[in-house]
Amino acid sequence: MGVFMLKLVILIIYFAVLIGIGLYCRKHATDVNGFVLGGRSVGPWLTAFAYGTSYFSAVVFVGYAGQFGWKYGIAATWAGIGNAIIGSLLAWVVLGRRTRIMSQHLDSATMPQYFGKRFGSNPLKIGASVIIFIFLIPYTASLYNGLSRLFGMAFNIDYSVCIIIMATLTAIYVIAGGYMATAINDFIQGIIMLFGIVAVIAAVIHSKGGFMSALQGLANVSDPAVSDTPGIFASFFGPDPFNLLCVVILTSLGTWGLPQMVQKFYAIDNEASIQKGTVISTIFALIVSGGCYFLGGFGRLFSDQIDVKANGFDSIIPTMLSNLSPALIALVVILVLSASMSTLSSLVIASSSTLTIDFLKDNFIKNMSEKKQVLYIRILVVVFIAISAILALIQYKSSVTFIAQLMGISWGALAGSFLAPFMFSLYSKKVSKASCWACFLFSSVLMLANIFFRAGFPTWLQSPINCGAFAMFAGMIIVPVVSLFTPKPDKELVDSAFACYEKETEVPQKTALGK
């Protein structure tokens with residue numbers, strides 16, 4: 001009873017802090033700019049941690065780390081390294097400054113609003129908002145599943161109770177404080193994730209006799225169904241380098257086109273914050289994501305306790321952690337709860353703001369005031385969380401059992417649709433409206449077909465992971481090629497958009513030398 005009470009007290013304190021911050025940040029959430037972007041005044045630490053905690057959730061810790069650690073062994077760590085270098089460092093370098101400058105210049109608070117103003121097309125804005133709403137829901141539903149596994153292990157709590165707790169608490173602090181509340185909570189949750197993952201890795205490796213002993217044990221594991229090569233699960237690239245590369249691409253490059261990730265750049269306050277945020281975000285990703293996949297790589301050392309065929313890949317990480325001390329298990333629960341709630345809050349703000357600003361406003365409700373927009377965003381936060389929670393319960397009993405499967409479909413459709421049009425339109429004046437539509441339709445139809453007609457796909461494209469990676473690369477070809485053969489964008493509109501990059505601004509001499 002004492003151990004249970006310890007876990008419960010830690011959880012209650014954690015929940016109280018989250019709600020307290022949400023209530024404290026109410027003053028920042030009185031208008032759309034404040035609620036959705038925190039007034040575009042968020043510093044480097046908060047932005048970097050908001051980016052990282054939105055990136056990594058129970059989907060990575062429970063789903064991906066378990067599944068890919070089992071499939072590729074210690075080589076799964078490459079996914080974490082890719083997340084840090086491609087998904088964080090390069091994303092900030094390539095997209096950070098230009099996104100912040102042009103989104104403010106166009107007065108856009110969401111990705112669909114950016115597309116609508118950048119290309120002067122209301123239908124394009126509506127199309128992007130529909131894609132976001134449809135494909136963010138399965139991703140959100142996947143967050144609950146990973147959390148339920150760990151809550152069940154630590155507290156023996158029914159799955160439906162886990163969903164209700166997580167959904168209710170997230171709704172309270174998001175509705176109360178908007179983006180600023182999520183950013184501050186993300187910072188606290190990020191600290192927990194950093195310390196938590198290091199402590200958990202140390203404990204698990206120690207339970208197997210230390211790093212060298214664990215690595216030797218992994219080298220002795222064999223699975224003829226995967227590979228006949230001795231020591232393959234302790235090797236540098238693992239048993240299946242091609243599919244591992246697809247995982248790295250989807251989970252790393254995919255962030256460049258995810259609206260809830262790109263939106264973090266909209267809110268950062270200045271140039272110095274972008275430079276600091278780049279470094280902080282990269283280090284955060286290296287520790288958290290690299291640590292998760294590194295931990296998952298030792299999953300096969302626990303094969304005597306795990307029945308993957310019966311319980312799925314999502315049971316691997318919870319089983320690895322089940323013999324830790326009560327205090328560490330409580331830390332793990334808080335760690336994964338932090339990761340999931342931070343991602344959930346980011347997703348619901350992205351979706352609800354998109355539906356309100358880009359879909360309802362002007363199209364269905366004319367002359368919507370700032371006050372009404374914030375009200376509708378708050379209402380839609382509740383609606384979106386409720387829908388995703390219901391889907392999570394349905395999904396739990398359906399044939400879609402793997403977290404990675406849901407996330408792969410969602411990431412593939414969103415990143416495939418938006419990555420190439422968004423990135424190219426920040427740098428090139430030649431991107432056409434038709435190329436955006438072509439990319440939107442290709443990726444959305446491809447990922448929907450992958451759900452319903454998977455058996456008809458070539459073997460290497462049947463996996464949602466590989467299919468999503470393919471959609472992203474295809475977009476890189478579709479946008480420039482379609483732009484080449486379709487009507488050119490309006491010169492005056494494009495010149496007006498790119499004028500923001502030419503605006504002169506004074507900076508300290510440490511940033512740029514004077515004449």
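The values are calculated or read from the model by the stated rules, or taken from the named source; none is laboratory data. Everything numeric here is computed off the predicted structure, so don't read it as measured data. Every residue, glycine as well, gets a Cβ built from its backbone with ideal geometry; the counts of neighbours run over all protein chains shown.
Please pick out the residue among Gly231, Gly277, Gly254, Gly217 that is buried (at least 16 other Cβ atoms within 10 Å of the Cβ), at pLDDT below 90 and of a type in the set (Gly, Ala, Ser). Talk me through it step by step, then tell me what you get.
On the way: Gly231 fails: buried (at least 16 other Cβ atoms within 10 Å of the Cβ); Gly277 fails: at pLDDT below 90; Gly217 fails: at pLDDT below 90.
Selected residue: Gly254, the only one of Gly231, Gly277, Gly254, Gly217 that is buried (at least 16 other Cβ atoms within 10 Å of the Cβ), at pLDDT below 90 and of a type in the set (Gly, Ala, Ser).
Can you find even one residue in segment 58-67 that is touching a residue at least 24 places away in the same chain (Cβ under 8 Å), among the aliphatic types (A, V, I, L, M) and touching a Cys at 6+ places or on another chain (Cβ under 6 Å)? Before the answer, list the steps.
First, the residues of segment 58-67 that are touching a residue at least 24 places away in the same chain (Cβ under 8 Å): 58-67.
So of that shortlist, the ones also among the aliphatic types (A, V, I, L, M) come out as 58-60, 62, 65.
In the following step, the residues that additionally are touching a Cys at 6+ places or on another chain (Cβ under 6 Å) were identified as 60, 65.
Yes - at least one qualifying residue is present in segment 58-67.
Return the pairs, sorted by first residue and then second, in which the second residue is among the charged types (D, E, K, R), the first residue lies in segment 240-265 and is in contact (Cβ under 8 Å) with a residue 60 or more places away in the chain, the beta carbons are less than 6 Å apart, and the residues are 6+ apart or on different chains.
Close Cβ pairs satisfying both conditions: Phe265/Arg100.
Within segment 129-137, is even one residue more than 18 Å from the chain's Cα centre (by Cα) and not hydroxyl-bearing (Ser, Thr, Tyr)? Write out each step before concluding.
Quick first cut of segment 129-137, residues more than 18 Å from the chain's Cα centre (by Cα) only: 130.
Next, from what is left, pick out any that are not hydroxyl-bearing (Ser, Thr, Tyr): 130.
Checked against the condition, which is being more than 18 Å from the chain's Cα centre (by Cα) and not hydroxyl-bearing (Ser, Thr, Tyr), segment 129-137 yields at least one hit.
Scan segment 350-397 for residues that are among the small types (Gly, Ala, Ser) and not in a loop (DSSP other than H, G, I, E, B) and jot them down.
Quick first cut of segment 350-397, residues among the small types (Gly, Ala, Ser) only: 350-353, 369, 386, 388-389, 392.
Result: Ala350, Ser351, Ser352, Ser353, Ala386, Ser388, Ala389, Ala392.
Can you tell me how many residues in segment 102-135 are polar (S, T, N, Q) and in a loop (DSSP other than H, G, I, E, B)?
From segment 102-135, those polar (S, T, N, Q) are 103-104, 108, 110, 113, 121-122, 129; that's our starting set.
Next, from what is left, pick out any that are in a loop (DSSP other than H, G, I, E, B): 108, 110, 121.
Count: 3.
Step by step: first the residues of segment 300-325, then only those that are in a loop (DSSP other than H, G, I, E, B) and over 27 Å from the mean Cα position of the chain (by Cα), then the one that is farthest from Gly66 (Cα to Cα). Which residue is that?
Ser325
Determine whether Thr99 is crowded, with 24+ Cβ neighbours inside 10 Å, out of contact with any Asp or Glu (no Cβ under 7 Å at 6 or more places or on another chain), at pLDDT 85 or above and in a helix (DSSP H, G or I).
Working: crowded, with 24+ Cβ neighbours inside 10 Å: yes; out of contact with any Asp or Glu (no Cβ under 7 Å at 6 or more places or on another chain): yes; at pLDDT 85 or above: yes; in a helix (DSSP H, G or I): yes.
So Thr99 passes the test.
If a residue must be surrounded by fewer than 23 Cβ atoms within 10 Å (Cβ to Cβ) and either among the aliphatic types (A, V, I, L, M) or at positive phi (or both), how many such residues does segment 468-477 contain?
Looking only at that region, the number is 3.
When you look at Ala176, is it in contact (Cβ under 8 Å) with a residue 60 or more places away in the chain, more than 23 Å from Tyr139 (Cα to Cα) and touching a Cys at 6+ places or on another chain (Cβ under 8 Å), yes or no?
On the way: in contact (Cβ under 8 Å) with a residue 60 or more places away in the chain: yes; more than 23 Å from Tyr139 (Cα to Cα): yes; touching a Cys at 6+ places or on another chain (Cβ under 8 Å): yes.
In short, yes.
Kindly establish whether Ala202 is farther than 30 Å from Ser342 by Cα and either at pLDDT 90 or above or not in a helix (DSSP H, G or I) (or both).
For Ala202, the condition - farther than 30 Å from Ser342 by Cα and either at pLDDT 90 or above or not in a helix (DSSP H, G or I) (or both) - is not met.
Within segment 35-66, count every residue that is touching a strand residue (DSSP E or B) at 6+ places or on another chain (Cβ under 8 Å) and in a helix (DSSP H, G or I).
4
Tally up the residues in segment 285-328 that are more than 27 Å from Phe187 (Cα to Cα), surrounded by 17 or more Cβ atoms within 10 Å (Cβ to Cβ), among the hydroxyl-bearing types (Ser, Thr, Tyr) and in contact (Cβ under 8 Å) with a residue 24 or more places away in the chain, please.
Matching residues across segment 285-328 total 1.
Test Val221 against the criterion of being under 30 Å from Ser325 (Cβ atoms) and in a loop (DSSP other than H, G, I, E, B), and give yes or no. So that I can check it myself, show each step before the final result.
Numbers: under 30 Å from Ser325 (Cβ atoms): yes; in a loop (DSSP other than H, G, I, E, B): yes.
Yes.
Conditions: (1) at pLDDT below 80; (2) touching a Lys or Arg at 6+ places or on another chain (Cβ under 6 Å). Met368 meets all but one. Number of the miss?
It is condition (1) that Met368 fails.
What's the number of the condition Val479 fails, among (1) farther than 22 Å from Pro123 by Cβ; (2) in a helix (DSSP H, G or I)?
Every condition holds for Val479 apart from (1).
Which of the following residues is at pLDDT 90 or above, within 28 Å of Phe15 (Cβ to Cβ), under 18 Å from the mean Cα position of the chain (by Cα) and not polar (S, T, N, Q): Val381, Val348?
Details: Val348 fails: at pLDDT 90 or above.
Testing whether each residue is at pLDDT 90 or above, within 28 Å of Phe15 (Cβ to Cβ), under 18 Å from the mean Cα position of the chain (by Cα) and not polar (S, T, N, Q) leaves just Val381.
For residues that are surrounded by fewer than 24 Cβ atoms within 10 Å (Cβ to Cβ) and over 11 Å from Val479 (Cβ atoms), scanning just segment 409-426, find the one that is modelled with the lowest pLDDT. Give the steps one after another, and end with the answer.
The initial filter retains those residues of segment 409-426 that are surrounded by fewer than 24 Cβ atoms within 10 Å (Cβ to Cβ), namely 409, 423-424, 426.
Right, trim to over 11 Å from Val479 (Cβ atoms) and you get 409, 426.
Values: Ile409: 85, Leu426: 95.
Across segment 409-426, the extreme among qualifying residues is Ile409.
Any chance segment 367-382 includes a residue that's under 24 Å from Leu143 (Cβ atoms), surrounded by fewer than 23 Cβ atoms within 10 Å (Cβ to Cβ) and charged (D, E, K, R)?
Yes, that holds for at least one residue.
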